[in-house]
Amino acid sequence: MRIGIDLGGTKIEGIVLDAGGNVRARQRIPSPRGDYDDTLNAIRGMVAHLETDCGERCSVGIGMPGAISPASGLVKNANSTWLIGHPFATDLEDRLGREVRLANDADCFALSEAKDGAGSGCRTVFGVIIGTGTGGGIVHDGQLLSGPNAIAGEWGHNPLPWPREEELPGPDCYCGKQGCIETWTSGPGLSAAFARDTGRDATAEEIARAAQAGDPKAADAIRRYADRLARALASVVNILDPDMVVLGGGMSNIAALYTLLPDLLPSYVFSDTVRTRIERHRHGDASGVRGAAWLWPERQTP
Ligand SMILES: [Zn+2]
């Protein structure tokens, strides 16, 4: 069986997944915020607890914010800043006495949805998280795509394609550039665009609710949001040609996207027909732990 652990900024969640994708045991504990050593110990304790519960030694996969730099083996880009600069993978392997696989949360989301979620049975899945940020992961033939920079699927910091005049140069992004896809397609991105266009302050969720209730300015904001998302997705579809795009994160709950996006994509995708399916996630928040568990697709336990 497989253990999947989702290492979040406020909580650590772990499950044991059997070969059929059923959850056999689970545990949730608060993250030892700010303490690297305590984080390692907490994970060791969780693995021991889960293995006692299920009665066998398991493989261990971990979903985490940020990534392990292939160049240095050290954690980079993590919002759990106390992990940054540490050789997290090798330290964990020492504590757990086995090989451990790690991936970022967007990769775990994509893997979980491709394995037995919305994208089950698809050859190539582009899993997208649009929430406080914009991330993505790519699964092909059941395997997570990973490359020498550990950034496969990270489309959020490409520029918004086919920009309109009023979209240039675009909002400042924390990465140092302007007009990144994330600054338009994340929840805060929608909220900021709405404030610029209407002078009204509202969260993405409030805008979506107002649009549904018939507020014309909110509905307009959602249409413009969908058009930007369609442009951003089209640039990925033109390169990757995935069978399915699975949307996750808070913005994926905007029901209108699933009718707007299929209508908008053909204007931007370089093809006479667009057969790419756009679907909402099936596992939602559970994709973090489930995808982490599936980092070990093999049957044997290390
Ligand atoms: Zn950026």
For Lys177, the lysines lying under 19 Å Cα to Cα, once residues fewer than eight places off in the same chain are dropped, come out as Lys76
5 angstrom amide H check on Ala118, placed H, neighbours 5+ away
Arg282, His283
Cα centroid separation, segment 1-79 to segment 212-278 (Å):
33
At 1.4 Å probe size, with the rest of the protein present, what percent of the exposed accessible area of the chain is carbon and sulfur atoms?
49
So how much slack lies between Val23 and Arg44, counting 0.36 nm per residue of separation and subtracting their Cα-Cα distance, in nm?
5.6 nm
How far is helix 216-240 tilted off the main Cα axis of the chain, in degrees rounded to 10, range 0 to 90?
60
Counting only heavy atoms of the protein chains, get the accessible area per residue of the chain (1.4 Å probe) and round it to a whole Å² value.
46
For every other residue with a beta carbon closer than 11 angstrom to the beta carbon of Thr39, add +1 if it is Lys or Arg and -1 if Asp or Glu, then tell me the sum.
-1
Can you tell me the length gained on complete extension of the stretch Lys177 to Asp94, counting 0.36 nm per residue apart and subtracting the Cα distance?
26.0 nm
For the peptides 269-276, 93-100, what is the packing order when you average, over each peptide's residues, the other Cβ atoms within 10 Å and list the highest mean first?
93-100, 269-276
Using a 10 Å cut-off on Cβ atoms, rank the peptides 52-64, 35-47 from the highest mean neighbour count down.
52-64, 35-47
Approximate spin-label separation Thr198-Ala213, in nm, with each point projected 7 Å along Cα-to-Cβ:
1.1
Karplus couplings for segment 54-71 from phi (6.51 cos²θ - 1.76 cosθ + 1.60, θ = phi - 60°), rounded to Hz, Gly and Pro as x?
9, x, 8, 7, 10, 6, 10, x, 10, x, 9, x, x, 8, 8, 5, x, 6
For Asp141 and Glu298 in one chain, what is 0.36 nm times their gap in residues minus the Cα-Cα distance, to one decimal in nm?
55.2 nm
Any residue on another chain or 5+ positions along whose placed amide H is under 5 Å from the amide H of Arg24 is listed here as Val16, Leu17, Asp18
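The values are calculated or read from the model by the stated rules, or taken from the named source; none is laboratory data. Since this is a predicted model, take the numbers as computed values, not measurements. Note that we place each Cβ from the backbone using ideal geometry, even for glycine, and neighbour counts take in every protein chain shown. Calculation scope for accessible area: heavy atoms of the full protein, side chains included, ligands and nucleic acids excluded. Shrake-Rupley method; radii C 1.70, N 1.55, O 1.52, S 1.80 Å.
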